[in-house]
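These notes are about the structure you will find just below.
Every number in this text was worked out from the coordinates using simple rules, so none of it is lab data. Every value quoted in this text rests on a predicted model; they were computed, and no experiment measured them. Glycine gets a Cβ as well: all are built from the backbone with ideal geometry, and neighbour counts include every protein chain shown.
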Amino acid sequence: MEETTKPAEAAAQQEVERILGSAGVSTYAYSDVAEAAGQIGTSYRESLGETIWAVSLAIALPNSVVDRLRPSSAEAAMLYKHHAYDVVNFRLDLVASHLAQAIQGGGFVALPVPASQTVDRQALCSLFPHKTAAHLAGLGWIGKNCLLITPQYGPRVRFATVLTNLPLEPSAKRIESKCGTCTECVDICPVQAFTGRPFRESEAREVRFSASSCSEHLAAQEDRIGVDVCGLCLYICPFGRTHS
């Protein structure tokens, strides 16, 4: 059994690399997320088993779109929402679906998790914490703005994840936070939603971030300019920033 399984794993892994290498994603990496069961939840184990690997894939946002977020305007917000939440998320979902289909074709189980699908508007919770998988894969660190910050693009990226029982070699060691004493995201937040406390795996998100304050601000934004986005904490981060 093992002799027939190993070639199948190798072939599936090669197909994963081939697809990701030609898919137009900005960066990708693999992680064993079994150790983070407390953060990702246990509902995925029923279909995937005890050991779950994650393929984290990201596409960078256009700097020309992000840089227009300050000063705030309806036009800038509409452009940002269209590109970040519609165009880039759609591209990520297409790649994740293609990847999952290929893994399944190799005889393994794969679950493509949609990019940024909010299931609780008040708590701002998604179906799956993409940034947790990306952090475990070594793509970046979780900053004081509670976003995944990559060395190449800062937080100006969107993520999707494919969960699978196909064994994948973890891509890299985790990156330690490089936020240091910087508080630009904390200072720019219109509703002081961030406390400035560094990320610690053992602490709940609430000690760093008030989701309700952010959610109320987004609702106010929609009333004011017709679009429920902000993005200032992403815009101002020195990592990936192109403006002075």
- Using a Gaussian network for the chain with springs between C-alpha atoms less than 10 Å apart, which of these wobbles most: D32, D93, D228? D228
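Please go through the residue pairs K81/K144; K144/K173; K131/K173 and name each one whose alpha carbons sit more than 18 Å apart in this structure. Before the final figure, lay out each step's value.
Details: K81/K144 22 Å; K144/K173 20 Å; K131/K173 15 Å.
From the list (K81/K144; K144/K173; K131/K173), the Cα-Cα distance tops 18 Å for K81/K144; K144/K173.
With only alpha-carbon pairs counted, each pair once and no self-pairs, how large is the Kirkwood hydrodynamic radius of the chain in angstroms? Please report the intermediate quantities before stating the final value.
On the way: mean 1/r = 0.0535 Å⁻¹.
After inverting the pairwise mean of 1/r, the radius is 18.7 Å.
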- Message: Taking a ≥ b ≥ c as the square roots of the Cα gyration tensor eigenvalues, with a/c under 1.5 meaning rounded and otherwise prolate when a/b beats b/c, else oblate, which class fits the stretch 190-240?
- Response: oblate
- Message: Please arrange R158, R174, R241 by how many other C-beta atoms lie within 10 Å of their C-beta, fewest to most.
- Response: R174, R241, R158
- Query: Highest GNM mean-square fluctuation, the chain, Cα pairs closer than 10 Å: which of I149, I59, I188?
  - Reply: I188
- Additional length obtainable on full extension of the chain from A34 to Q104, 0.36 nm per residue less Cα span: 23.2 nm
- Query: What size of dipole, in debye to the nearest 20, comes out for the chain about its Cα centre when the only charges are +1 on Lys and Arg C-beta atoms and -1 on Asp and Glu C-beta atoms?
  - Reply: 720
